[in-house]
Structure formats: structure tokens, C-alpha cells
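**Student:** Here it is, the structure in full.
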There are 4 protein chains.
Amino acid sequence: MIAVLRKDTSVQQTQYLIDLLKEMNLDVHISEGVGATVLSLIGDTSRVDMDLLKSLGMVETVKRISEPYQQSNRKFHPEDTIVEIGDVKIGGGYFAMIAGPCSVESEEQIIEIAQAVKSSGAKILRGGAFKPRTSPYSFQGMKGEGIELLLKAKKATGLPIITEIMNISTLDLFNDVDVIQVGARNMQNFDLLKELGRTRKPILLKRGLANTLEELLMSAEYIMSEGNDQVILCERGIRTFETAARNTLDLSAVPVLHSLTHLPVVVDPSHATGKAKLVTPMALAAAACGADGIMIEVHNNPSCALCDGAQALTPEQFVILSRKVSQIREIVI
Amino acid sequence: MIAVLRKDTSVQQTQYLIDLLKEMNLDVHISEGVGATVLSLIGDTSRVDMDLLKSLGMVETVKRISEPYQQSNRKFHPEDTIVEIGDVKIGGGYFAMIAGPCSVESEEQIIEIAQAVKSSGAKILRGGAFKPRTSPYSFQGMKGEGIELLLKAKKATGLPIITEIMNISTLDLFNDVDVIQVGARNMQNFDLLKELGRTRKPILLKRGLANTLEELLMSAEYIMSEGNDQVILCERGIRTFETAARNTLDLSAVPVLHSLTHLPVVVDPSHATGKAKLVTPMALAAAACGADGIMIEVHNNPSCALCDGAQALTPEQFVILSRKVSQIREIVI
Amino acid sequence: MIAVLRKDTSVQQTQYLIDLLKEMNLDVHISEGVGATVLSLIGDTSRVDMDLLKSLGMVETVKRISEPYQQSNRKFHPEDTIVEIGDVKIGGGYFAMIAGPCSVESEEQIIEIAQAVKSSGAKILRGGAFKPRTSPYSFQGMKGEGIELLLKAKKATGLPIITEIMNISTLDLFNDVDVIQVGARNMQNFDLLKELGRTRKPILLKRGLANTLEELLMSAEYIMSEGNDQVILCERGIRTFETAARNTLDLSAVPVLHSLTHLPVVVDPSHATGKAKLVTPMALAAAACGADGIMIEVHNNPSCALCDGAQALTPEQFVILSRKVSQIREIVI
Amino acid sequence: MIAVLRKDTSVQQTQYLIDLLKEMNLDVHISEGVGATVLSLIGDTSRVDMDLLKSLGMVETVKRISEPYQQSNRKFHPEDTIVEIGDVKIGGGYFAMIAGPCSVESEEQIIEIAQAVKSSGAKILRGGAFKPRTSPYSFQGMKGEGIELLLKAKKATGLPIITEIMNISTLDLFNDVDVIQVGARNMQNFDLLKELGRTRKPILLKRGLANTLEELLMSAEYIMSEGNDQVILCERGIRTFETAARNTLDLSAVPVLHSLTHLPVVVDPSHATGKAKLVTPMALAAAACGADGIMIEVHNNPSCALCDGAQALTPEQFVILSRKVSQIREIVI
């Protein structure tokens, strides 16, 4: 970590700061330049409160050199983490297609879709039981009952299941869920992350709408620092000024995260774009830039005159997507 | 609500959608134009799932005319809400200065600051006990013990207190807290909002880093729809590309919110800017554009050679700020 | 176009507005709903000043249904435009790899790179002669002399050339340039666009750092409305809060633009990411989501100990990239 | 300037870089830490190409300590610059209200408004003659004729005038204009800036929609480096995800710029917000945080039933605004 002091900082103030830093078990190298004094802090700086340093009047700027995340950091763990979900593996060269409906609606619906996506190459079934909604007046999901139906679909197809948690107090309902998802809005719900860190279940952690990749890794660190290293990261679009798609899918997050961390990275083009016709091209692009998994919404209401073109793909569209993704992976790996 | 259908939508599809909307107790007016069919939906559209409509292939665009929030909507509640906190009032012409340290650190510290800010015109004492931190390795606050110390400061000075909750399971600790704060990162922690809606305590709801004002009002709606209408909104800066200040304080949020809602609006320039020298000008600007309250960080370590210029103001700076804010309010009211 | 009027608009005001709109040769359909009056404007609304309508006190919101761009609009020109640059074609199924150095530095440099990229599959040579730089103290390019050198490289290899214009007054220097590039910072330099619209040269128009896709198409419209329909659009990253890469490459722009316009769309992953190790994965992703061309920076200073890992690829890296792009295109087309 | 090198950088590479930097007349101090080598570059680093350094594979990060702008930098020019426009002064404690219509429309209109705003305290008349418009089909202003009318209004009232230039080739038309405005879209039209730097006229430079304050100062530097130091900076809103107002007025830019530069800073709340009812509160806020001037749109069509509530204020609203601004300035100065 480097701290640059203002030109007009007194010798006493400088010494005061150096003493404080040494009390934190840091070595301090001083370099006097034109216009500034540069302090290089050497040692374990991950526990240094950067915001506090920055807010000091005498400090012009603070810059981390070593990253503030440790357990998720590839520098300290060069090999890819492979997360195992039953027989399914994600990361380290293993790729998993995750598919299913946005919300669980009925036993018939979820079993039918589960069978359809399984036959098209999906390895994991997704489906929402607890649904975070902007409006209190919108459908909030089937909750515990939805999880029961997912478990029936798991039994019927053998597919492991992934579903979202919103509240620590419902954790017991997730006992037989294979992967617990943390949604974008809860990415910095730190108490929830810590509690999930005390489980031994794989966690799929979605990037917040306006969170940096470093913040995503710090949130993974909350889970890992409690002892759970089975974390899968998920890029699902960020909020920008552009409104042509629902969010801006930041695909460069995939190679950036692969360089910063050993954790697997999956991409969710369905929620990012919000439009079925954008899902396939963006899923292919995710495969091309090296994602370890892709999450796709698939629906199965062939009779629904309204649904063509909605955010979810039909099983037929998903078959084609799935095959092209496999072909692209053969080229880029 | 208006839904514009694509040019190539079949008569059957259009009729299918109209029937669906009528089942939701909506009247539908049809207007055929060049290049599009426009459906005007009339009735209670606050329960219509706009995302679902938008995702339909036949729908080109959906636009709300009536806002999706009801209880927080000024249209249905034209008079300003006045939130009462003991003898202190906020909103409807009443203004409150809220001040205190970022974190509670010790009994001596919090009582000393409480006395200092009280004598300079603060009406409410703020102080963090549970601290949301990006890093699991940073200080997480004194937690329950911090609340105990705030209550001692309340007893010593008579100032009501405000402090942040991060987790429903700690709600019992807030029994004697006067105002419960929901931080920016939890603005869409919907289960927390619902639970706070079941209390009868004033809630200070901070805007999320990347949340629109409409989303802020929808989160207020989560609290209000459970029966608690004592909600204070707080603008505390949004995340943009500019990094000269910590966040971009969006002061136009104050008059915009005043036109959309009857709830009081306070501004937190300390967290928004992260730099003491920006706090005073932005606090004065907040007063000038009509804020109902201002939250300021004040520290009291006169011996600390490092602290001058940090994010918090000294009690001396706060006195001056407080006086100028009063003068500006006399002009703009 | 739809205009929604406020609830409290008087009959006289409404009539006044309707008369005004009729004077613009628009038909107006009125639909009275709960809480609002909706006017549907029918006719050629591309000349209606939406900002003016929006700013009227009686107007709550204005929404275009038909897009404000006409000549670039796929609705009125369903077939893909194929831009021809000598023997090279872009768009309508034709793909072109564009490669070359960031700046032209010397005759030897540009000819060597031109030969290298040609042998690896590039169809067009890029190279900066006029360089827009944030600082007046940075190198501003070789200017006219740089164009001379590009023309020598063209002669030596037969590759058509593309280079950026910054100023109308230098247009004469571009007489033998094959494609004139408009940089991101000049995307809304409307006088420059109009002037280029009066040439008959293909124009590569880069998206501005903070411009929407609709604004990009409106800028294309400036060129096309003067009679030049040889416009190639270029996605090169947008400015967001994320700083892990230089900009956020918005790849969903490719399928979105393909649905809105018939113009070809190329992607520049070199400038978007600013880091060589991100260029290859993002170029492959661009190919996977259907780009009509990719622009890549390639350098040729094998002796330069500093350059490995810089933004530009080596010719060796470019060969591999070029081959994989071709393979991916075979899958996705 | 500090450059942090990657851990795996070889001794040869490091030496190569150091030699290169020394050739640029920089001194280099080396500080070896855990995990990184830190180079402190001492000397005139304003000419160092930071993007190039950053793009080198061996360089992990580059951080400026001394700012890249010199002539606009308060460090090298501590006293406020006072720009003189006839008898009117801006900066250094002098404040100017700038008012007028969005576009010049007729002689009657511009003279009437000029008289109205003069009597209400405006010191400078604004009015658009060349109008940058997103659409080529929108009204582009009265151009040269509009400037003629502004000059008539100047003659009639004695108010100096400010109007926007879009194109170097029209510079002759601005001979009698008092202040030349560069619009947000041209903030990085570097050739235009250089040309204006060769004039001796005051330039009002508007911040680009998505430009940082450092970039704004670098654009001022383009003008100043050609010999014209009469630059007035203008904050006019930035583009963010929030759409409740047209743009997000970044008022913290005012105190931030005052600390970084000696140039005067004015605020344009009319264009930033796009709504008349937001203009007054944001103008008062601009005065409260220390702006050196405020630009307000004022119209004069009392008979126009449509115009109440539009972006422009009526002369009556402007009188009140103007008086309150004066009162606030007395408090905050």
C-alpha cells in the first residue's frame, strides 16, 4: 500500500502517521519527491482501513498494491478452484450449463422444464422460490413450497438444484438445496454472507448492479473467511446510462476475474439483457470469452401466445444454444 | 399504464393480451396509430408486473403513467408527513440537524460529542454501532455495546438517537433507539424492510448507491405497506464515473422527491463526499435546495494530529455550519 | 409518439397543444384514462422536438414509438447494408478483420506491421495519424506525414487504410484514405459529421464514451442525411463505474444494433479494454455475438523489452486470434 | 508520479524502464516492498504518457501525484483568476448572473428578454445561435443571423453576450461576441479548443456529459497552453443512471474545482435539470456551495399557454431567484 502525503504536511504529522502505521505491524519506507512524500507500507495491509487513511487531511491519496482480498486471490492460490455439486463440476476447465424457469410455478411446470433442459445438456436446474421484487405488490414467489417443488424435480431428473436465499431466517429450508444463490441486491448483505460462510454448501454469488469486481471479491471473502471456499461468482449485468438492454452485461469481467481469482465465473445473460433475442448471442459471447458456466432461463408453455420472444428461451432455442456453446468452448479452450 | 405493441402483432395475440389485462381488473383503451397499437390500461396498475409485460415479444414498450408507489405518493397524500421523534419534528417545514461520530468508540467519546453537537444546534445524535464494511477484515463496530453507549449519551443529553440496523435478528437491541437507519447497501433488503414496517419506529432509509429515486420510494413502500408510515428518506450520494469525491451527491433528488412524495428528505454530505472540506459547502447547498434535515459527522479528538481535514468536522466547524444552515433556511423557506 | 398530459391540464391548454401538433402535420388521437390524458401522435414524428415537448409544464412524459432515425433504421431498409472498401466488404454476412498500430511512427514500422497483419488475415490496415489526446502535452500524432506513410503501406501491401479525422479543415489530406474514422470524442461533432456526409467515402463512426445506441444512430443519421450511406458503426467501450478495464465493452450493442439498423457493426476490443490479455477473449466474444468486423491493435517491436503485455498484440498473438475468430464465425453464422 | 511494477518483473526490464524514464529527464527513486517494486518519478511528469505506461505488461499501476494540468492548477497559481468581460467580473469573489433564452428566435424576443433580465440583476446575456442537436432534423439555430440579433440586444441594453461556437470555420462571426461558449459535446474537440486558445476572448467551457473534472481541466489546459488564460468552467450536469432530472447536476464539482484550480466556476441548472421547477432550488444550492456565476434560461412569452413550467423561468420567477441568490451569497462568502 502506498500513501502520498501532501506537500505541506509537517514533520510531526508525518512522524505521527508513521508511528501509527508501525503499531499496525507495518514497515514504512519513505521516499521524498518533488511535490510529495510517498510512504510505502510493507506487511499485511489487508486489514488497513483505506477509507480512514484517505480521509486524513494530510494524505493526498492512498493506493493499494496488494489486493485487499486474500482467500479468493489467485496470487495466494494459483490453481483454479473446482466447485463440485454432486457429480457436476464447475471451474478448472469444467463447464456447466444451468437452466430453468425464472420462478417455480407448479409441480408440473418445474418437472417438465427440468426434463427438457436435462435432455438438452443442462447440468443444474435453476428456479426461483423466494423472489426479490422492487415492488411489495408484485408476486414474491412460492417460497418454501417452491423449494419443495424444486426438490421433486431434482428427484425426478437427478439434476442438482440452485435457488436464491433472501433472509438468514429461512436457511433451514435450504437443507437439501445443492447451490444457494445470493442475488445482486444482497451482494453486500454482509450478515447473510457470513452465515452462508458457516454452511458447507456451494454459494453462487451474483455481482451487484453497481458493484466493482473488487467489491464482488470482497463479498466472496466474507463467505470464505468463515470457512466456506465453495464460491461461484456470477456476472449478471451492471447499471449504466444505456437502456437498450435491461442492464449492460460486462463480459470483460470474465477474463478480469479469471486473472484476479481462482474461483469459477458464470454468466447470466437472461437477467442481464431481459430480452430473449439477446440471450443467445450474449451466451455465445460468454462461452467465447471463457465463462465456466452459463445460466439461462427456459420456459415451457407452448400454448402461451404471449411468451414467444419473452426473456426466457423455449426448450427448442435452448437445444441450439447449448450445442453452439459446446462447439465454441472446443475452439477457445 | 401504456403498452405499445409491435406492428406485426396478430389480432389473436392482441386479443389474448387484452383478455389477460381485463382479468387483472383493468380497462383497456385501444388506439391504432401508424406503426403501432397503443393500449392504455386504466385502473389500479400498481400491481401489474411491468417487467413481465416488457419481456413479451409482442410488446415494444411499456410506460407507467401513474407511479407504482401509493402510500408514499404525494398524489394520494398531498400534505407533508411530519415525523416526530420525541420532541423533534422533521418534515412539513420542520428541520432537524443530525450529528455525531461515524462509529461509537467509547462512553467518553460519545457523551462528549453528544454534548458538543447539542450545544451547537443538533437535534438528534447519530453514531454507528453495527458498521457495514466492504472487507470482512475491517472493524465491524461495537455492535450491541455501541447501542448501550448511545443510550447513555441519550440519557446524558436528552438527544434522541439514530443508528443503523443490518440484520433482522438484532431488532431487539433497538428497542430504545429512536430512529432506525437502513443503510444504502440494504435499501433493497426487502425482508428487512418488511420487518421494520411491522415496528412503529421512525425509519431513516438511505438511497442505495445505484438506485433510482423511484426505487427508493418503492423501498419506502415496503415499509409503509406493513403499516409503518414514519419513513425519512436520505440522499447520500450515488456512484458515477467521477472519483473526485467519494460519491456524487445528487442534490436535485431533494426537490424531485419533494414533488413525488410527502415523506421528509434529509441529506448526508459527510458520507457522500468523504472529505471534510466538501462537507460544509454541500451541507449549505442541501439547505438551500430545501432539505428537511442534514446529517453530519462530527468528531472530538482535539489531540489527534491526523484528524484535521478528515471526513468528520470538528465541533468548531460544526457550530459555524449549523448557524449558516439556519440563515439559509430563513431565505429559502 | 405518445404524450401523456398531467391530470390538472386545462381543456384550453390541451386544445392549444393539439392545434400546435396538427400544424406540424400530425394526427392526434386522444385517450382519457384514470389520472392522465394520453395523446397519440400519428405521422412523421421524426422532426418533432422531443425535448421541447418534455419541457412543457403540462406534459408528464413523452415516449417515441417510431424511432427518430430514418435512413439508418432497419424498419425502412430491412436488408443489411454492405459497405465496400475496394475489394473488401463489411456487413450482410461479410466480415473484415482490421488491424494495425495505434499510431503511425515510421515508414519501416507501418510497412512491417501492414505486411504482418495482411499475412495473418487482416483485410484493412488501421493506424493513427491525428491522435486525440486528453493532454495538450502528449504526442498528437504525425498528422499529414502519418497519412503519407499509411499510403505507402497501402501501396506496399494492397491493404485499404482507415485513419481518424479530427478537424474538417484537414479533409483534403484524406483524399486517398479508404475509410475515414470519427473518434468517440467527436461522435457528436455535428458539423464534422455533416461535412463527412457530403463525401462519398465510407465512414467508421465510433460510439462516444457515454452515448446511447440511439444517439449513435442519430449521429449516423447526420452523415446519411447529407447523402453518404456508407457508415460503419463501432462499439469501443463505454464509461461506467468499473475501472478494472479501461472502459466497459458493451457487447450487447452488437445484437441490439443489428436489430435496429441495417448498418454494419464492428468492435474495437483494444481501446475498450486497454490491456492485451483482455483483447483476445473480448475479440472472440465479439465474433460470437455477431460483429461484422473487429479492430485490433498490433505492434511489431520484437526488441522492445517493455512492450510484452501492452495493449497491442504481437503479430504472433494476432495470427492465433484471427484463426479462432474465423472458426467461431463458422459456428455462429 | 508513481509506477508500481509487477512482482515478476525481471531486473533487466526494470532497468530498461528506468533508463527510458531518465531519458525523459525524470529522476527515479526505487522502493522495494513486499509484492511490488515502487518507482517514484520526480521531475516534470506532465508530459509523461500515462496510458502508455499503464499499458506496459510489467507495470501494475500508475498513479499521478502531481496533476497533469499546469496552467489551470491552483498549486502553481494560488490566486483566483478574475475574468473580465467589459465591466463585468467573474471569479475571485466577483459573481455574475447570466441569463437569456435557450435560442435566439427574433429581434423582438431577444431584446425584450435582455431588458427583462437586466432589470432583474443579470450581468451577461446568453442566447443560442448555433444549436447542437442530437437529430439532424431538429432546428439548428438561427446561426449567423442569431449572432446579429444578440449584438442588437447588446447594443440596446449594454449587456455583454455569450453564445456557443460549434465549428472553427465560423470563428469570424464571433468577433463582437464577448464570451465564446464551448458546449458539452465539444469539450474534447481539441482542435477547436486550440483555435480558441489563440484568440484573446473569454471562453466558457462546459463540462462534457461523461467527463471527469480532471478531463475538464485538461481541456482548459488546451486553451491556456495556446496563450488564452481567460477560461470560465461550467458544471451542467453529468449522465448517470438516474432519469428523474435530465442530467445529474454534480454540485460538489464547485468546491472540488475551487480547490484544484484558480479558474472561475459557473453552474447551469437549466440544462442540467431540464425542468423549471428544479431550476430555482438548484440555482440556490449552486450559490450556497460557492459558484462564481449561474446561467439561467429565461423566456418571455407570457401569452404562451404551453410554456408555464417549461425549462425556462419567467422573468417574474427570475427576479425572485436573483434576489435569493444575492442573499445566500452574503451568508456563505
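**Student:** For the structure I just gave you, tell me whether A:Thr273 is among the β-branched types (Val, Ile, Thr) and open to solvent by 10 Å² or more (accessible area, probe 1.4 Å).
**Tutor:** no
**Student:** Identify, please: which residue in the range B:50-69 is polar (S, T, N, Q) and more than 7 Å from chain A (Cβ to nearest Cβ) and is, among those, farthest from A:Leu278 (Cα to Cα)?
**Tutor:** Residue satisfying both the conditions and the ranking: B:Ser66.
**Student:** Would you pick out the residues in the range A:152-172 that are more than 10 Å from chain B (Cβ to nearest Cβ) and open to solvent by 40 Å² or more (accessible area, probe 1.4 Å)?
**Tutor:** A:Lys152, A:Lys154, A:Lys155, A:Ala156, A:Gly158, A:Asp172
**Student:** Further, regarding this structure: Only one of these is of a type outside the set (Asp, Glu) and either buried (at least 22 other Cβ atoms within 10 Å of the Cβ) or closer than 21 Å to D:Thr212 by Cβ (or both): D:Thr314, D:Thr240. Name it.
**Tutor:** From the options D:Thr314, D:Thr240, the qualifying one is D:Thr240.
**Student:** Could you run through the range B:148-191 and say how many residues are hydrophobic (A, V, I, L, M, F, W, C) and touching a Phe, Trp or Tyr at 6+ places or on another chain (Cβ under 7 Å)?
**Tutor:** Taking the range B:148-191 as the starting set, the residues that turn out to be hydrophobic (A, V, I, L, M, F, W, C) are B:149-151, B:153, B:156, B:159, B:161-162, B:165-166, B:168, B:171, B:173-174, B:177, B:179-180, B:182, B:184, B:187, B:190.
When the remaining residues are screened for being touching a Phe, Trp or Tyr at 6+ places or on another chain (Cβ under 7 Å), the result is B:165-166, B:180, B:190.
Within the range B:148-191, residues that are hydrophobic (A, V, I, L, M, F, W, C) and touching a Phe, Trp or Tyr at 6+ places or on another chain (Cβ under 7 Å) number 4.
**Student:** Continuing with the same structure: For the range C:186-210, what are the residues that are within 9 Å of another protein chain (Cβ to nearest Cβ) and either open to solvent by less than 10 Å² (accessible area, probe 1.4 Å) or in contact with a Lys or Arg (Cβ under 9 Å, 6 or more places away or on another chain) (or both)?
**Tutor:** C:Asn186, C:Met187, C:Gln188, C:Asn189, C:Phe190, C:Leu192, C:Leu193, C:Gly197, C:Gly208, C:Leu209, C:Ala210
**Student:** For the range D:221-258, name all the residues that are among the aliphatic types (A, V, I, L, M) and over 14 Å from the mean Cα position of the chain (by Cα).
**Tutor:** Result: D:Ala244, D:Ala245.
**Student:** When you go through D:Leu321, D:Leu257, D:Leu278, D:Leu284 one by one, which is the residue that is within 14 Å of chain C (Cβ to nearest Cβ), outside any loop (DSSP other than H, G, I, E, B) and either farther than 17 Å from D:Ile98 by Cα or touching a residue at least 40 places away in the same chain (Cβ under 8 Å) (or both)?
**Tutor:** D:Leu278
**Student:** State all residues of the range A:98-123 that are closer than 19 Å to A:Val325 by Cβ and open to solvent by 10 Å² or more (accessible area, probe 1.4 Å); if no residue qualifies, say none.
**Tutor:** A:Ala116, A:Lys118, A:Ser119, A:Ser120, A:Gly121, A:Lys123
**Student:** Out of all the residues in the range C:125-170, which are closer than 21 Å to D:Ser46 by Cα and of a type in the set (Ser, Thr, Tyr)?
**Tutor:** Within the range C:125-170, C:Thr134, C:Ser135, C:Tyr137, C:Ser138 meet the criteria.
**Student:** Of the residues C:Gly146, C:Gly141, which single one is part of a loop (DSSP other than H, G, I, E, B) and buried (at least 20 other Cβ atoms within 10 Å of the Cβ)?
**Tutor:** Working: C:Gly146 fails: part of a loop (DSSP other than H, G, I, E, B).
When all the criteria are applied, what remains is C:Gly141.
**Student:** Given the conditions (1) surrounded by 23 or more Cβ atoms within 10 Å (Cβ to Cβ); (2) under 24 Å from B:Leu209 (Cβ atoms); (3) within 13 Å of the chain's Cα centre (by Cα); (4) not aliphatic (A, V, I, L, M), and given that D:Glu215 satisfies all but one, which numbered condition is not satisfied?
**Tutor:** It fails just one condition, (1).
**Student:** Give the range A:11-59 a look and list any residue that's over 25 Å from D:Thr45 (Cα atoms) and among the charged types (D, E, K, R), or say none.
**Tutor:** A:Asp19, A:Lys22, A:Glu23, A:Asp27, A:Asp44, A:Arg47, A:Asp49, A:Asp51
**Student:** Tell me, yes or no, whether the range A:81-91 has at least one residue that is of a type outside the set (Val, Ile, Thr) and facing chain B (nearest Cβ under 10 Å).
**Tutor:** No, the range A:81-91 contains no residue that is of a type outside the set (Val, Ile, Thr) and facing chain B (nearest Cβ under 10 Å).
**Student:** From the set of residues in the range D:244-254 that are assigned to a loop (DSSP other than H, G, I, E, B) and facing another protein chain (nearest Cβ under 7 Å), which is surrounded by the most Cβ atoms within 10 Å (Cβ to Cβ)?
**Tutor:** Across the range D:244-254, the extreme among qualifying residues is D:Leu251.
**Student:** Considering only the range A:46-78, how many residues are more than 18 Å from A:Leu5 (Cα to Cα) and either β-branched (Val, Ile, Thr) or modelled with pLDDT under 75 (or both)? So that I can check it myself, show each step before the final result.
**Tutor:** Filtering the range A:46-78 down to residues more than 18 Å from A:Leu5 (Cα to Cα) leaves A:46-47, A:66-78.
Those left that are additionally either β-branched (Val, Ile, Thr) or modelled with pLDDT under 75 (or both): A:46-47.
Total satisfying the criteria: 2.
**Student:** Of all residues in the range A:47-73, which are part of a helix (DSSP H, G or I) and surrounded by 19 or more Cβ atoms within 10 Å (Cβ to Cβ)?
**Tutor:** Result: A:Leu53, A:Ser55.
**Student:** Shifting gears a bit: Return a yes/no flag: does the range C:285-298 have any residue that is at pLDDT 95 or above, open to solvent by 10 Å² or more (accessible area, probe 1.4 Å) and in contact with a Phe, Trp or Tyr (Cβ under 8 Å, 6 or more places away or on another chain).
**Tutor:** yes
**Student:** Sort out which residues of the range A:8-46 are hydrophobic (A, V, I, L, M, F, W, C), in a strand (DSSP E or B) and open to solvent by 50 Å² or more (accessible area, probe 1.4 Å), and write them in order of number.
**Tutor:** A:Ile30
The values are calculated or read from the model by the stated rules, or taken from the named source; none is laboratory data. Keep in mind it's a predicted model, so treat the numbers as computed, not measured. Note that we place each Cβ from the backbone using ideal geometry, even for glycine, and neighbour counts take in every protein chain shown. The area values use the complete protein model at the heavy-atom level, side chains included, leaving out ligands, DNA and RNA. Shrake-Rupley method; radii C 1.70, N 1.55, O 1.52, S 1.80 Å.
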